[in-house]
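Participant: Structure in structure tokens, see below.
The values are calculated or read from the model by the stated rules, or taken from the named source; none is laboratory data. In this text, all values refer to a predicted model and were calculated from it rather than measured experimentally. Counting neighbours? That spans all protein chains shown, and the Cβs are built from the backbone with ideal geometry, glycine included.
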Amino acid sequence: MSGIAPSSAPHAALLHRDGVREHWTLFSLSLPALLLVFVMLVVPIGWLFWLSFLSDAGEFSLEHYRRLASQASYARIFRTTFEVSLVTTALCVLLGYPLAYLLAQLPRRIAALCMIAVLLPFWTSVLVRTYAWLVLLQRQGIVNDWGMGLGLWQEPLPLVHNLAGTLIGMTHIMLPYLILPLYGSMRAIDGDYVKAAANLGASPSRAFWAVYLPLSLPGLVAGATIVFILCLGFYITPALLGGGRVILVSMRIATDIELFFNWGAASALGVVLLVLTVALLYLASRLAGFERLMGGAK
Amino acid sequence: MNRGGALPISVNRVTKTYGRFHALDSVDLEVRSGEFLTLLGPSGSGKTTLLMVLAGFNRPDSGSVRFGDREVVRLAPHKRDVGMVFQSYALFPHMDVAGNIGFPLRLRGVSRGDIARRVEQALETVKLGGYGGRRIEQLSGGQRQRVALARAIVYEPRILLMDEPLSALDKQLREHMQVELRQLHETLGMTTVYVTHDQREALTMSDRIAVIDKGRIMQLDTPRRIYERPSCRFVAEFVGESAFLPVKVSQGIVTLDGVPLKLGDGAEAADGAMFLMVRPEKLRILPDGQQSGPDVNVLAGRVARFIYQGESFVLDVELASGAAVSVRGMTSSAAMATLPQTGEPVRLGLDRSDAFLVPLEEKPA
């Protein structure tokens with residue numbers, strides 16, 4: 001402020017003061033939201049960090065981290081978590097991309113109806129949907145009954161209480177998180193792009209790979225990122241459908257707290273998961289060059 | 001740079017309906033080889049539909065479209081080998097300028113070195129040499145327009161389609177680009193079909209203009225004949241400004257408010273509702289007391305309004321019959337000094353050669 005020389009121009013000082021006042025008024029409007037973010041996000045995460053550095057005796061120590069590093073079972077849990085999340089994300093992309101593409105091609109009104117079909121399960125409880133999958137996939141469940149009835153397979157397939165059940169359930173629940181941003185970005189793609197590609201001599205498949213897919217990539221990356229992050233911390237569905245055979249970090253955190261009442265160990269797990277996730281996303285964004293990709297999408 | 005010369009286009013009885021709406025109503029159109037032909041019409045007239053039929057993006061209900069000797073009406077768009085400039089330009093945002101222009105060449109299996117050479121050549125053609133590395137979002141509207149054009153001509157198509165390519169540009173740039181596009185057409189020589197709703201643009205650029213309304217071609221002619229000798233009132237109204245004064249025709253004698261009209265050559269007085277077409281710049285203000293020549297029709301009235309427009313002025317005149325006409329003049333000091341004031345009587349002269357009759361409607365050409 002001191003850099004501005006007092007000016008003899010009419011109202012200069014007053015107009016400047018008005019500007020400063022407006023600035024602070026707008027800032028004060030966002031204050032409640034900032035406060036909320038601080039209380040609900042910054043404080044708990046800070047507390048999590050703090051707890052993870054306390055020993056059982058309540059002194060500062062790195063024992064929880066030391067245990068995470070020394071025990072092979074933890075490394076395995078982290079690997080399983082990332083693998084399951086990655087495979088679920090891949091399945092969501094494989095299922096969700098064609099579905100979102102179909103929706104984006106339909107007339108808006110029909111697409112809206114179909115979207116309700118996609119979102120309807122979204123509005124029911126995750127617990128209910130997970131139990132529904134238990135019923136469908138168990139040994140005497142509908143899927144096995146029909147499969148054997150139609151002669152597709154002879155013995156009941158183990159579809160639940162294992163990795164298969166975990167993946168089926170997680171993919172189903174995560175699918176809308178992929179489709180929503182992807183559908184939005186596909187709708188925003190001007191139809192002229194694909195027409196131009198065709199006019200320039202691209203067959204429909206060439207036009208898709210060379211033009212449509214790259215233009216829908218920002219939406220796909222956004223959706224896949226959301227799904228991947230949600231999967232990393234997913235608890236209910238893998239816990240119920242995995243049947244104890246697929247152990248994810250979230251389940252280990254739950255056992256540490258419920259069984260052993262060890263907040264420090266649980267916090268350390270949470271911190272490591274958080275740091276790994278952030279690091280991975282940062283790396284991915286550097287590799288894929290999101291900004292360049294996003295820069296083109298208007 | 002043109003490989004195989006231009007191709008003529010022959011459109012035969014092409015019809016496209018949406019429900020009961022006729023977007024194209026049995027359209028016939030012959031575009032000559034190397035010609036710059038403009039489809040001119042109001043929005044919803046079917047001009048863009050016709051262009052999309054040529055490009056292959058719109059499948060007509062019936063009819064034939066031939067490029068040269070080849071029937072293409074059932075051919076997929078990517079096999080037609082026509083260039084097209086979209087209204088939105090449709091430049092791929094995820095490719096740079098060279099990537100966009102090289103795209104059709106890559107699809108045609110042109111070698112890497114040749115692509116680079118031909119891309120640069122196309123950029124030179126549209127006066128954007130050295131812009132290959134730019135990103136699309138860094139370009140101005142006019143530059144995007146040029147890139148879209150370069151992309152449409154780089155593979156040397158024998159037919160070029162343009163869908164209102166200048167409508168997104170501001171007036172000065174648009175007028176500049178009109179001249180440039182026209183020059184480019186003369187250099188490249190490809191058959192060009194150009195869609196616009198801007199009559200001045202059509203008049204400036206075209207070899208011939210097809211005026212379209214309600215899915216029908218109302219008149220297909222040179223710009224000059226479209227303007228001077230419109231086939232019906234719709235064409236006369238859509239192209240340029242005009243007043244229309246109802247005339248009486250009986251036994252070959254044409255009268256306006258009881259006074260016989262002196263008509264130019266080619267002005268036919270068919271029976272039925274006919275109008276005298278009065279364009280503002282064809283009228284002139286007759287000095288007081290001066291005798292009009294034998295070949296001048298005189299319209300007497302009173303000045304209703306004076307509008308100053310910089311290089312020219314417009315005088316709205318109310319005739320004795322109650323009809324309104326406008327007269328346009330240049331704003332030289334001499335002309336301005338003798339201009340009658342609002343409310344004063346004024347006499348307007350219309351030369352015999354500028355007196356032209358149009359029917360209310362004519363069956364489309």
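Participant: Hey, which of the helices (runs of 4 or more DSSP H) in segment A:191-279, taking only ones fully inside, have at least 2 residues that are under 22 Å from B:A148 (Cβ atoms)? Give the steps one after another, and end with the answer.
Facilitator: Values: elements: A:191-199, A:204-207, A:213-232, A:236-242, A:249-258.
Correct list: A:191-199, A:204-207, A:213-232.
Participant: Ok, one more. Return the total of residues in segment B:270-281 being in contact with a strand residue (DSSP E or B) (Cβ under 6 Å, 6 or more places away or on another chain) and modelled with pLDDT of 90 or more.
Facilitator: 6
Participant: Specify which of the listed residues (B:S231, B:S206) is crowded, with 19+ Cβ neighbours inside 10 Å and modelled with pLDDT under 95. Before you say what the answer is, go through the steps one by one.
Facilitator: Working: B:S206 fails: modelled with pLDDT under 95.
None of the other options fit; the residue is B:S231.
Participant: Can you name the residue in segment A:1-32 that is β-branched (V, I, T) and loosely packed, with under 10 Cβ neighbours inside 10 Å and, of all such residues, is modelled with the lowest pLDDT?
Facilitator: The residue in question is A:I4.
Participant: Under 17 Å from the mean Cα position of the chain (by Cα) and surrounded by fewer than 16 Cβ atoms within 10 Å (Cβ to Cβ) - does that describe any residue in segment B:241-249?
Facilitator: yes
Participant: Separate question: May I ask you to say which residue of B:F306, B:F313 is touching a residue at least 24 places away in the same chain (Cβ under 8 Å) and closer than 23 Å to B:A236 by Cα?
Facilitator: After ruling out the rest, the residue left standing is B:F313.
Participant: When you go through B:V303, B:V278, B:V298 one by one, which is the residue that is in contact with a Gly (Cβ under 7 Å, 6 or more places away or on another chain) and within 15 Å of B:S353 (Cα to Cα)?
Facilitator: None of the others qualify; the one that does is B:V298.
Participant: Scan (1) small (G, A, S); (2) within 26 Å of B:D170 (Cβ to Cβ); (3) away from every other protein chain (no Cβ under 11 Å) for the single condition B:A152 breaks and write down its number.
Facilitator: All conditions are met except number (3).
Participant: Would you be able to tell me the number of residues in segment B:65-114 that are within 30 Å of B:R13 (Cα to Cα) and either touching an Asp or Glu at 6+ places or on another chain (Cβ under 6 Å) or in a helix (DSSP H, G or I) (or both)?
Facilitator: 6
Participant: Moving on. From the residues in segment A:162-206 that are among the polar types (S, T, N, Q) and in contact with a His (Cβ under 8 Å, 6 or more places away or on another chain), which one is nearest to A:V87 (Cα to Cα)?
Facilitator: Among those that are among the polar types (S, T, N, Q) and in contact with a His (Cβ under 8 Å, 6 or more places away or on another chain), it is A:S203.
Participant: Condition (residue is surrounded by 17 or more Cβ atoms within 10 Å (Cβ to Cβ) and in contact with an Asp or Glu (Cβ under 6 Å, 6 or more places away or on another chain)) applied to segment B:308-325: is it met by at least one residue?
Facilitator: no
Participant: Further, regarding this structure: Considering only segment B:38-55, state which residues are within 14 Å of chain A (Cβ to nearest Cβ) and of a type outside the set (S, T, Y).
Facilitator: Correct list: B:L51, B:M52, B:V53, B:L54, B:A55.
Participant: List, please: which pairs have Cβ atoms under 6 Å, are six or more places apart or on different chains, and start with a residue in segment B:74-96 that is facing another protein chain (nearest Cβ under 8 Å) and end with one that is of a type in the set (S, T, Y)?
Facilitator: Pairs found: B:H78/A:S203; B:A90/A:Y193.
Participant: Within segment B:73-99, take every residue that is β-branched (V, I, T) and surrounded by 21 or more Cβ atoms within 10 Å (Cβ to Cβ) and give me the one that is farthest from the chain's Cα centre (by Cα). Explain how you work it out, then say what you get.
Facilitator: Step one: list which residues in segment B:73-99 are β-branched (V, I, T), which gives B:73, B:82, B:85, B:97.
Next, only the ones that are surrounded by 21 or more Cβ atoms within 10 Å (Cβ to Cβ) stay: B:82, B:85, B:97.
Details: B:V82: 21, B:V85: 17, B:V97: 30 Å.
Only one residue fits best here, namely B:V97.
Participant: Same structure, new question: I'm trying to understand the selection: among the residues of segment B:100-117, which are more than 10 Å from chain A (Cβ to nearest Cβ), surrounded by fewer than 20 Cβ atoms within 10 Å (Cβ to Cβ) and not hydrophobic (A, V, I, L, M, F, W, C)?
Facilitator: Within segment B:100-117, B:G109, B:S111, B:R112, B:G113, B:D114, B:R117 meet the criteria.
Participant: Could I ask something else about it? Any idea which residue in segment A:174-212 is nearest to B:G109 (Cα to Cα), counting only those that are more than 8 Å from chain B (Cβ to nearest Cβ) and polar (S, T, N, Q)? Full working, then the answer.
Facilitator: Step one: list which residues in segment A:174-212 are more than 8 Å from chain B (Cβ to nearest Cβ), which gives A:174-189, A:191, A:194, A:205, A:208-209, A:212.
If we keep only those that are polar (S, T, N, Q) as well, we get A:185, A:205.
Numbers: A:S185: 31, A:S205: 16 Å.
Of everything passing the filter in segment A:174-212, A:S205 is nearest to B:G109 (Cα to Cα).
Participant: For segment A:38-73, how many residues meet the condition of being closer than 19 Å to A:L273 by Cβ and touching a Gly at 6+ places or on another chain (Cβ under 7 Å)?
Facilitator: 5
Participant: Could you tell me which of the residues B:G252, B:G272, B:G289, B:G258 is free of Cβ contacts under 8 Å to residues at least 40 places away in the same chain and farther than 21 Å from B:S353 by Cα?
Facilitator: When all the criteria are applied, what remains is B:G289.
Participant: Could you tell me which residue of segment B:194-203 is surrounded by the fewest Cβ atoms within 10 Å (Cβ to Cβ), considering only residues that are among the aliphatic types (A, V, I, L, M) and not in a strand (DSSP E or B)? Step through it out loud before you land on a result.
Facilitator: At the first step, the residues of segment B:194-203 found to be among the aliphatic types (A, V, I, L, M) are B:195, B:202-203.
Okay, now just the ones that are also not in a strand (DSSP E or B), so B:202-203.
Working: B:A202: 27, B:L203: 19.
Filtering segment B:194-203 for residues that are among the aliphatic types (A, V, I, L, M) and not in a strand (DSSP E or B), the one surrounded by the fewest Cβ atoms within 10 Å (Cβ to Cβ) comes out as B:L203.
Participant: A further question follows. From the list B:G129, B:G141, B:G102, B:G113, which residue is out of contact with any Ser or Thr (no Cβ under 9 Å at 6 or more places or on another chain) and within 26 Å of B:R200 (Cβ to Cβ)?
Facilitator: Result of the check over B:G129, B:G141, B:G102, B:G113: B:G141.
Participant: Within segment A:60-81, does at least one residue satisfy the condition of being in a loop (DSSP other than H, G, I, E, B) and surrounded by 12 or more Cβ atoms within 10 Å (Cβ to Cβ)?
Facilitator: Checking segment A:60-81: at least one residue is in a loop (DSSP other than H, G, I, E, B) and surrounded by 12 or more Cβ atoms within 10 Å (Cβ to Cβ).
Participant: Can you name every residue in segment A:220-257 that is within 14 Å of chain B (Cβ to nearest Cβ) and at pLDDT below 90?
Facilitator: A:V221
Participant: Could you list all residues from segment B:56-71 that are crowded, with 20+ Cβ neighbours inside 10 Å and more than 9 Å from chain A (Cβ to nearest Cβ)?
Facilitator: Once the filter is applied, which keeps residues that are crowded, with 20+ Cβ neighbours inside 10 Å and more than 9 Å from chain A (Cβ to nearest Cβ), segment B:56-71 yields B:P60, B:V65, B:F67.
Residues checked against (1) farther than 29 Å from B:P8 by Cβ; (2) modelled with pLDDT of 95 or more; (3) in the same structural domain as B:G41 (by TED's automatic domain parsing):
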{"site": "B:F103", "(1), (2), (3)": "no, yes, yes"}
{"site": "B:G132", "(1), (2), (3)": "yes, no, yes"}
{"site": "B:E137", "(1), (2), (3)": "yes, no, yes"}
{"site": "B:G142", "(1), (2), (3)": "yes, no, yes"}
{"site": "B:E156", "(1), (2), (3)": "no, no, yes"}
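Participant: Take the conditions in a helix (DSSP H, G or I), in contact (Cβ under 8 Å) with a residue 12 or more places away in the chain and in contact with a Cys (Cβ under 9 Å, 6 or more places away or on another chain) and apply them to A:Y177. Does it pass? Even if it seems obvious, please write down each step before you answer.
Facilitator: Details: in a helix (DSSP H, G or I): yes; in contact (Cβ under 8 Å) with a residue 12 or more places away in the chain: yes; in contact with a Cys (Cβ under 9 Å, 6 or more places away or on another chain): yes.
So A:Y177 fits the description; yes.
Participant: Sticking with this structure for a sec: Scan segment B:103-120 residue by residue and report those that are touching a residue at least 40 places away in the same chain (Cβ under 8 Å), closer than 16 Å to A:V194 by Cα and of a type outside the set (F, W, Y).
Facilitator: Listed by number, the list holds a single entry, B:P104.
Participant: May I ask you to verify whether A:N199 is of a type outside the set (V, I, T), assigned by TED's automatic domain parsing to the domain that holds A:F82 and closer than 19 Å to B:M95 by Cα? Step through it out loud before you land on a result.
Facilitator: Working: of a type outside the set (V, I, T): yes; assigned by TED's automatic domain parsing to the domain that holds A:F82: yes; closer than 19 Å to B:M95 by Cα: yes.
Yes: the conditions hold for A:N199.
Participant: Go through segment B:336-353 residue by residue and tally those that are outside any strand (DSSP E or B) and loosely packed, with under 14 Cβ neighbours inside 10 Å.
Facilitator: Counting residues in segment B:336-353 that are outside any strand (DSSP E or B) and loosely packed, with under 14 Cβ neighbours inside 10 Å gives 7.
Participant: Exactly one condition in (1) of a type outside the set (V, I, T); (2) in a loop (DSSP other than H, G, I, E, B); (3) surrounded by fewer than 21 Cβ atoms within 10 Å (Cβ to Cβ); (4) touching a residue at least 60 places away in the same chain (Cβ under 8 Å) is false for B:R182; which is it?
Facilitator: For B:R182, the exception is condition (2).
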